[in-house]
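Here the structure comes first, spelled out in structure tokens, and everything after it is commentary.
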Amino acid sequence: MESIKLNSGIIKLEIDCDGEKNIIAFNPEDVNFAEGVYRLMADMEEKQAEFKNKEAEIAKAAKFDENGIPDNFGERLALYKDVCDYMRSKVDELFGEGTSQKVFGDTNTLNMFEQFFDGIAPYIRKARESKLEGYRTTIKNVME
């Protein structure tokens with residue numbers, strides 16, 4: 001039987017989080033994935049503004065004790081937890097259920113999400129640029 005081999009474009013990355021290594025897989029060339037990335041970026045911009053406003057409200061309402069600790073410190077922690085929960089849900093939505101636990105474990109820091117997205121961004125950018133170049137070439141050929 002004859003066969004053909006298809007390159008699906010799936011990228012597998014080893015994620016090392018404090019010595020614990022896991023593999024995630026995604027296809028940055030997949031239109032569904034690309035749509036999800038752009039939707040996530042738009043959602044995150046909106047949420048970021050919402051979270052900044054809440055943080056400003058909490059900071060404005062803070063009264064400090066003799067040690068300089070705000071009396072509403074629990075509210076600030078709850079907000080940060082909400083941000084982390086939101087980001088975990090978005091990672092799972094984009095990469096598949098359970099990805100955030102696999103990647104981040106039980107740790108919740110805002111910095112880890114930034115590190116994660118900074119780490120995968122070059123793969124997404126490269127795939128999108130090659131797709132755009134293909135479109136440009138096609139358009140150029142049609143115009144000639």
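Could you list, in sequence order, the residues of region 1-19 that are within 17 Å of the chain's Cα centre (by Cα) and surrounded by 13 or more Cβ atoms within 10 Å (Cβ to Cβ)?
Answer for region 1-19, where residues must be within 17 Å of the chain's Cα centre (by Cα) and surrounded by 13 or more Cβ atoms within 10 Å (Cβ to Cβ): ILE11, LEU13, ILE15, CYS17.
Taking into account only those residues within region 30-44 that are in a helix (DSSP H, G or I) and touching a residue at least 12 places away in the same chain (Cβ under 8 Å), which is surrounded by the most Cβ atoms within 10 Å (Cβ to Cβ)?
Restricting to residues being in a helix (DSSP H, G or I) and touching a residue at least 12 places away in the same chain (Cβ under 8 Å), the top hit is VAL37.
Has region 30-37 got any residue that is under 19 Å from GLU114 (Cβ atoms) and of a type outside the set (Gly, Ala, Ser)?
Yes, the conditions are met somewhere in region 30-37.
Considering every residue within region 39-54, establish whether at least one is farther than 21 Å from LEU110 by Cβ and out of contact with any helix residue (DSSP H, G or I) (no Cβ under 9 Å at 6 or more places or on another chain).
No, the conditions are met nowhere in region 39-54.
Which of the residues belonging to region 36-57 are modelled with pLDDT under 90 and more than 14 Å from LYS90 (Cβ to Cβ)?
None; the set is empty.
In the set ASN22, ASN27, ASN72, which member is at pLDDT 90 or above, among the polar types (S, T, N, Q) and either within 26 Å of THR107 (Cα to Cα) or surrounded by 14 or more Cβ atoms within 10 Å (Cβ to Cβ) (or both)?
Only one candidate passes the filter, namely ASN27.
Quick one: in region 113-131, of everything that is open to solvent by less than 20 Å² (accessible area, probe 1.4 Å) and within 12 Å of the chain's Cα centre (by Cα), which residue is nearest to LYS21 (Cα to Cα)?
Checked region 113-131; the qualifying residue nearest to LYS21 (Cα to Cα) is PHE116.
For the subset of region 45-69 comprising residues that are among the basic types (Lys, Arg) and closer than 17 Å to PHE113 by Cβ, which member is surrounded by the fewest Cβ atoms within 10 Å (Cβ to Cβ)?
My answer is LYS52.
The values are calculated or read from the model by the stated rules, or taken from the named source; none is laboratory data. It should be emphasised that the depicted structure is a prediction, and the values quoted were computed from it without experimental measurement. Don't worry about glycine lacking a Cβ; one is built from the backbone with ideal geometry, like all the others, and counts go over all protein chains shown. The protein model used for the area step is the full one, side chains on, heavy atoms only, and it has no ligands, DNA or RNA in it. Shrake-Rupley method; radii C 1.70, N 1.55, O 1.52, S 1.80 Å.
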